[in-house]
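These notes are about the structure you will find just below.
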Amino acid sequence: MFLDILRNRNPQLMEVALDLHRTGDILPDTYVIDLDTLIENAKNLAKLASQEGIELFYMLKQIGRNPLVAQKIVTEAGIQKAVVVDYKEALVLMSHGLKIGNVGHLVQIPTKLIEKIMRYGTDYMTVYSLEKLKEIIEIAEKLGVNQGLLLKIIEPGDCIYDGQYGGFHISQLDVVMDLVKSSEYVHIAGITSFPCFLFDDNQELSVTENYKTLMRAKEALEKKGVSDLLLNMPSATCVKTIPMIKSLGGTQGEPGHALTGTTPLHAVSDQAEIPAMVYVSEVSHNLDGRAYFFGGGYYRRGHFQQVAIYQPGSRTPKIDRVYPLKDESIDYYITTHHSHEVGSTVLGAFRTQMFVTRSDVAIVSGIRNGAPVLEGLYDGLGNKIRR
C-alpha cells in the first residue's frame, strides 16, 4: 500500500531495516520505526494545530502503545497527552507516567478500573451508556474529582465499524442530562463520534454522516443550556485534515497513523507527513514456484499488496506481489507470487494495528543523519524486549 511512496520519500529507512535484519539485530516479523521522522511529523502536526486552535491527543495503538515514542512526542513535539483506545493502553501509559487526555472512546473502562484511572487522572472520559455514567459518577463523588465527560453520539445511518457499536442516541440526551445534573462531580465537556472522516471513492478524505449527527447533538445540548461544547472529531487527523476540523467547528483531533505517514491519503499522494515505518520479514521456504515469508504482522485491513525482496548479498530489491489471506487463515506465512532465495530480507509497507499483531517493534533514531541507533525493541503491546 505504501511501498512505492516509502521508496521515494524515505529510502534510508529501508536501508537501515535491511541492515538490521542482516546483522541479526532484529528478527523477522518486526516493524522498524524511524523515530526522528515520526517526531518531525508530530512537530508539524502540533504547530499547525496550535495555529488553528485545535487540541491534539496522540494515539499509539497502531504502533504498539510504544512508551519510548510517547515520551519523545511529549518532550520534543509538545503534544502533551494521549488518547487511549482501550483500558489496557491506559495502563501501559500510566505505568510510564504519561499523561492521558481521553480514555473510553472505542472501549469503555471496566467497572473495577474506573477508580484507578480516575485517581491517576484523565481530562476526559468518553462514555456511552447510562450504566457506565452512573459508575463514573459514583467514583467521582467518592474521590471528590470533577470529571469531564465526552458523550459518544450515535444514530441510525452513521458509519460505525463492526465491534465498535455504542453511543447515546440524541433522544436519550434528556435522561443523560438529568443524570449528570444530579451530581456536582461530573460535567459534559463535549461530544464525539468515530469516524468523522473517511477516505472516499474519489481518493479524498470526506466528512461522514457521523459529523451531521454530532451537529444535531450539539444543537440539542445547547438548547438544554450546555455551552462551550468540545467537538472531538477523530479519524485520519493529519496536516490536511486539521484545517477541515477547524472549518467544521471541531476542537479536538487525534493523530495516529499520521505520525508514521500511513493514513489512506498518504498511500495515493505525497502529504506533509513522511513515511516512518517499514515491516521486516525473511523468506522461510519455497513451494511450487512461490516463496513463503514469516508472518505475524498481517492486518486484514492493511492492504498488504507488495514487498521488496533483497537476496543475500544484494542491495537491489526485487518487487513481488503478495497473496491476501483468507479469513480462516492465521498468518504463519505470507505468500509471494514468485519464488525467492531462502533467507532473503523482505520489506513491506502497509497499514497496521500493531497491538493486534504478534510483531516486534524496533525504534531507531539517527536514520535521517546517517547514524542509526537501535533505541529499543518492544512487543506490540508496549513491553520492552530484552534479548
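Computed extension gain for Lys99 through Ser269, at 0.36 nm per residue and net of the alpha carbon distance, reaches 57.9 nm.
If only the Cβ of Lys and Arg carry +1 and only the Cβ of Asp and Glu carry -1, the dipole of region 143-260 around its Cα centre is close to 300 debye. Backbone N atoms of region 98-130 closer than 15 Å to the 7 Å Cα→Cβ label point of Thr75 belong to residues 98-99. For Lys134, which lysines qualify as cross-link partners when the Cα separation must be under 27 Å and same-chain residues fewer than eight apart are set aside? In chain and number order, the partners are Lys81, Lys88, Lys99, Lys112, Lys116, Lys142, Lys152, Lys181, Lys218, Lys223, Lys224. Taking label points 7 Å from Cα along the Cα-to-Cβ direction, Ser329 and Lys134 give a separation of 4.8 nm. Considering only Thr213, Thr75, Thr262, the mean-square fluctuation computed in a Gaussian network model of the chain, springs between alpha carbons under 10 angstrom, is largest for Thr75. Most simply put, region 97-232 has about 15% antiparallel DSSP beta bridges, counting only bridges with both residues inside it. A Gaussian network model of the chain, with springs between Cα atoms under 10 Å, assigns the largest mean-square fluctuation among Gln305, Gln12, Gln51 to Gln51. Between Ser227 and Arg358, the simple spin-label model (points 7 angstrom out along Cα→Cβ) gives 5.7 nm.
Its Cα centre serving as origin, the chain has a Cβ charge dipole (Lys and Arg +1, Asp and Glu -1) of approximately 500 debye.
Each Lys or Arg adds one and each Asp or Glu subtracts one; over the other residues with Cβ under 13 Å from the Cβ of Ser247, this totals +1. Potential lengthening of the chain between Met215 and Gln172 amounts to 13.9 nm, from the contour at 0.36 nm per residue minus the alpha-carbon distance. Electrostatic bookkeeping for Ser182 treats Lys and Arg as +1 and Asp and Glu as -1; over the other residues with beta carbon under 12 Å from its beta carbon, the sum is -2. Overall, region 1-108 carries a charge dipole of about 280 debye about its Cα centre when +1 sits on the Cβ of Lys and Arg and -1 on the Cβ of Asp and Glu, all other atoms neutral.
Label the chain by shape, choosing from rounded, prolate and oblate, from the square roots a ≥ b ≥ c of the eigenvalues of the Cα gyration tensor; if a/c is under 1.5 it is rounded, and otherwise prolate applies when a/b is larger than b/c, oblate when it is not. Prolate, since a/c reaches 1.5 and a/b exceeds b/c.
How would region 1-153 be classified by its alpha-carbon gyration tensor: rounded, prolate or oblate, with rounded meaning a/c under 1.5 and the a/b versus b/c comparison settling the rest? Prolate shape, in that a/c is at least 1.5 and a/b is the bigger ratio.
Along the axis of the charge dipole computed for the chain (Cβ charges of +1 for Lys and Arg, -1 for Asp and Glu, origin at the Cα centre), the listed residues Ala371, Thr213, Tyr299 are led at the positive end by Ala371. Under the combined filter of DSSP loop state and at most 16 neighbouring Cβ atoms within 10 Å, region 241-315 retains these trypsin sites (Lys or Arg not before Pro): Arg300, Arg301, Arg315. Taking 0.36 nm per residue of sequence separation and removing the Cα-Cα distance, the Thr111/Ile385 pair yields an extension gain of 95.6 nm. Accessible surface for the chain, divided over its residues, is 42 Å² per residue with a 1.4 Å probe. When all protein chains stay in place and ligands, DNA and RNA are ignored, the 1.4 Å accessible-area order of Val346, Val239, largest first, is Val239, Val346. Counting only protein heavy atoms and a probe of 1.4 Å, the accessible surface of the chain is 48% carbon and sulfur.
If the elastic network links every pair of Cα atoms under 10 Å, which of Pro312, Pro324, Pro264 fluctuates the most in the Gaussian network model of the chain? Top of the fluctuation ranking is Pro312.
Centre-to-centre separation between the Cα atoms of region 316-355 and those of region 96-171: 38 Å.
Other residues whose C-beta falls under 13 angstrom from the C-beta of Ala236 contribute a net charge of -2, scoring Lys and Arg +1 and Asp and Glu -1.
The values are calculated or read from the model by the stated rules, or taken from the named source; none is laboratory data. None of these values were measured; they are calculated from a predicted model. All Cβ positions, even for glycine, are placed from backbone atoms using ideal geometry, and neighbour counts span all protein chains on display. Just the protein is used for accessible areas: all its heavy atoms, side chains included, with ligands, DNA and RNA removed. Shrake-Rupley method; radii C 1.70, N 1.55, O 1.52, S 1.80 Å.
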